[in-house]
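Step one of this worksheet: look at the structure below.
The values are calculated or read from the model by the stated rules, or taken from the named source; none is laboratory data. Just so you know, these numbers come straight off a predicted model, no measurement behind them. No Cβ is skipped: glycine too gets one built from the backbone with ideal geometry, and neighbour counts run over all protein chains shown. Protein only, heavy atoms only, side chains kept; ligands, DNA and RNA dropped before computing areas. Shrake-Rupley method; radii C 1.70, N 1.55, O 1.52, S 1.80 Å.
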Amino acid sequence: MIKNTSIFVVIILLACVYSVKGQDVSVMEDDVPSFETAYKLAYDGYYAQANRMLGNFYKRASQIIKRQNLLLASTYSWKGDYNKARSDFNAVLSKNKTDKDVWISAIKNELYAKNYATALGLSNKALVHFQDDKELSRLKSLAFFWG
């Protein structure tokens, strides 16, 4: 009796795993437009659809590039190359001042580099965009305390 129940449970679990995996794949395939699909739509005369698809594609691509730049700058900071990290954080912030993650990482970079005055200045600038943010206020306090 126990063996039959165990076999039944295994079969049910396998069925669940494969059904979930299949759903993820189909959602991903439908959700991600490709350049080739947009090209074919445009070539076939569906300009508006191709335009929307390409616009969405480039928005996602720019988000990916932004996240890659943030990660690259963070890795420079983590390995102690604070000047290179600062340069990359500044490049990202000059294009988009409303990304709190970049502000936090840039401030932490200055704290790691023991540039407390710069960290304090960045904290003040970030708090202009994100008033009353607890994490930014905490980093500002650290910069003030250590500076």
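Couple of notes before you dig in:
- Value of relative contact order over segment 84-147, rounded to a whole percent, pairs C-alpha under 8 Å and six or more apart: 30 percent
- Proximal lysines relative to residue 125, as straight alpha-carbon distance under 29 Å, when same-chain residues fewer than 8 apart are discounted: 59, 66, 79, 84, 95, 97, 100, 108, 114, 134, 140
- The listed residues 40, 79, once ranked by accessible area (1.4 Å probe) with the largest placed first, stand as 79, 40.
- Normalising the average separation of contacting C-alpha pairs (under 8 angstrom, six or more residues apart) by the number of residues puts the relative contact order of segment 66-114 at 38 percent.
- Under 10 Å, Cβ to Cβ, from residue 133 - net charge with Lys/Arg +1 and Asp/Glu -1: +2
- Extension gain, residue 145-residue 130: 0.36 nm per intervening residue step, less the Cα-Cα distance, totals 3.3 nm.
- Separation of segment 50-94 from segment 110-147 is 21 Å, based on Cα centroids.
- Cα gyration tensor category, rounded, prolate or oblate, for segment 99-147 with a/c compared to 1.5: prolate
- Gyration tensor (alpha-carbon) shape descriptor, segment 68-118, a/c threshold 1.5: oblate
- Rounded if a/c under 1.5, otherwise prolate or oblate - segment 50-147, Cα gyration tensor axes: oblate
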